[in-house]
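Here is the structure we will look at.
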Amino acid sequence: MEKALTDTCLITGGSGYFGYRLACSLSKKGAKIILFDVAPPSQATPRGVVFLKGDIRDYAQVEKAVSGVDCVFHVASYGMSGREQLDRGLIEAVNVGGTQNVLRACVRGGVPRLVYTSTFNVVFGGQVIENGDESLPYLPLHLHPDHYSRTKSVAEMEVVRADGTRLEAGEGVLSTCALRPAGIYGPGEQRHLPRVVGYIEKGIFRFVYGEPGSLVEFVHVDNLVSAHELAARALTPERRRGAGGQAYFISDGRPVNNFEFFRPLVEGLGYPFPTLRLPVSLVYFFAFLTEMVHHLVGPFYNFQPLLTRTEVYKTGVTHYFSTAKARAQLGYEPKEYDLGEVVQWFRSRGHGKGPERSGLKRRLLDALLVCAFVAVALSYLPLVGNS
């Protein structure tokens, strides 16, 4: 068994799906783990893992949490999807303010290493990107279609700039790097997959959109765990791989159409895969209208939007990236996974038992859905008449 990456690791957002999975993997290798989050994990913590309740928006709590830590994995963020994307104030406070607190606490507390969990979105804002690499510039902040992507970009830039900062406690400098993962999947994922399955079971998943040849990427949670462990190891002085101040795209390395990626899940749960395909522009406009409605009624009824504009771009527009830099500098080698284990996870929890509707009824529902989309869109167009 390989030597533990560090003696003690702090994981912000450690109670979440990925943070907890990372903690379990590091713990198995002998590391001591502190999960720092606003609520405890839903699962029992294994030996060597402790939970510390705290909020990264509170500097005093962060400073206390990093005391005696060898490496911080800064995973915590807010506003990635759904209605969370529309809470600008909280997104800014967590993603930017929280990251500034973590960086400051690491410098003052003598923490030598920080691995930041970023996102593809720091360079993507709806434009086509094919096999992009880390030489791509950050998307100008004013072009980001959502607050999450903009704030993650600001935070990543601060993390990268902090590399080499002299530590105030102890000796040496702070070494930092940023990992930019694709959409995360795996059994038990709690953010995206339950929402997709909910749409499937409610009969909402009646259409796909975008070109059939549009490609995006995903990353299995265990591949992402491996990338974080490798990044932490690459930041140690003895490794000297030059990872400090660098950013890395992380994915399974297999670009795929977004909806085709989910086909095994849809059919594995016993539902028919949609045959209706809509243009991205129509769905984007519908998402825009939904956001406008949410802005008006959100203070009274914080409903879950079917889609946001950013989600339309992220799922319907080609953007995928090379992992060559992560492979060369970190030694990252993603394993191959599929959605089979995800299907089994949902089936084991009682999903996938809904009766299949008849073909005729399906087509009628599809037609009604298109009519609804068009009617809503047309209702917002200016009226033409005699002056």
Estimated FRET transfer efficiency when R0 is 51 angstrom, pair GLN61-LEU276 (beta carbons, to 0.05)
0.55
Explain nothing, just compute: Karplus ³J(HN,Hα) = 6.51 cos²θ - 1.76 cosθ + 1.60, θ = phi - 60°, for every residue of segment 97-105 in order, whole Hz, x for Gly and Pro.
x, x, 5, 4, 5, 5, 4, 4, 5
Karplus-derived 3J(HN,Hα) from phi for segment 33-49 (6.51 cos²θ - 1.76 cosθ + 1.60, θ = phi - 60°), whole Hz, x at Gly and Pro, runs 10, 10, 8, 10, 7, 7, 8, x, x, 6, 9, 5, 7, x, 4, x, 10
Looking only at the chain, where both bridge partners belong to it, what percent of the DSSP beta bridges are antiparallel (to the nearest 5)?
10
Residues ARG150, ARG206, sorted so that the one with the fewest Cβ neighbours within 10 Å comes first
ARG206, ARG150
Gyration tensor on Cα atoms of segment 308-350, a ≥ b ≥ c root eigenvalues, a/c under 1.5 rounded, else prolate if a/b beats b/c, else oblate, says oblate
Test item: Cα-centred dipole of the chain, Lys/Arg +1 and Asp/Glu -1 on Cβ, debye:
560
For SER175, enumerate residues with amide H under 5 Å from its amide H, sequence gap 5+ or separate chain, H modeled in the peptide plane.
ARG113, LEU114, GLY164
Going by the alpha-carbon gyration tensor, a ≥ b ≥ c the square roots of its eigenvalues, is segment 1-66 rounded (a/c under 1.5) or, if a/c is not under 1.5, prolate (a/b greater than b/c) versus oblate?
oblate
Could you name the aspartates and glutamates in cross-link range of LYS53, using Cα to Cα under 12 Å and dropping any fewer than eight places away on the same chain?
ASP37
Helix 17-28 vs. the chain, principal-axis angle (Cα, 0 to 90°, nearest 10):
30
Label points 7 Å out from Cα along the Cβ direction at LEU306 and SER42: separation in nm?
2.6
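FYI, it's all coordinate maths here, none of it is from the lab. Owing to the predicted nature of the structure, the values given are computational and were not obtained by experimental measurement. All Cβ positions, even for glycine, are placed from backbone atoms using ideal geometry, and neighbour counts span all protein chains on display.
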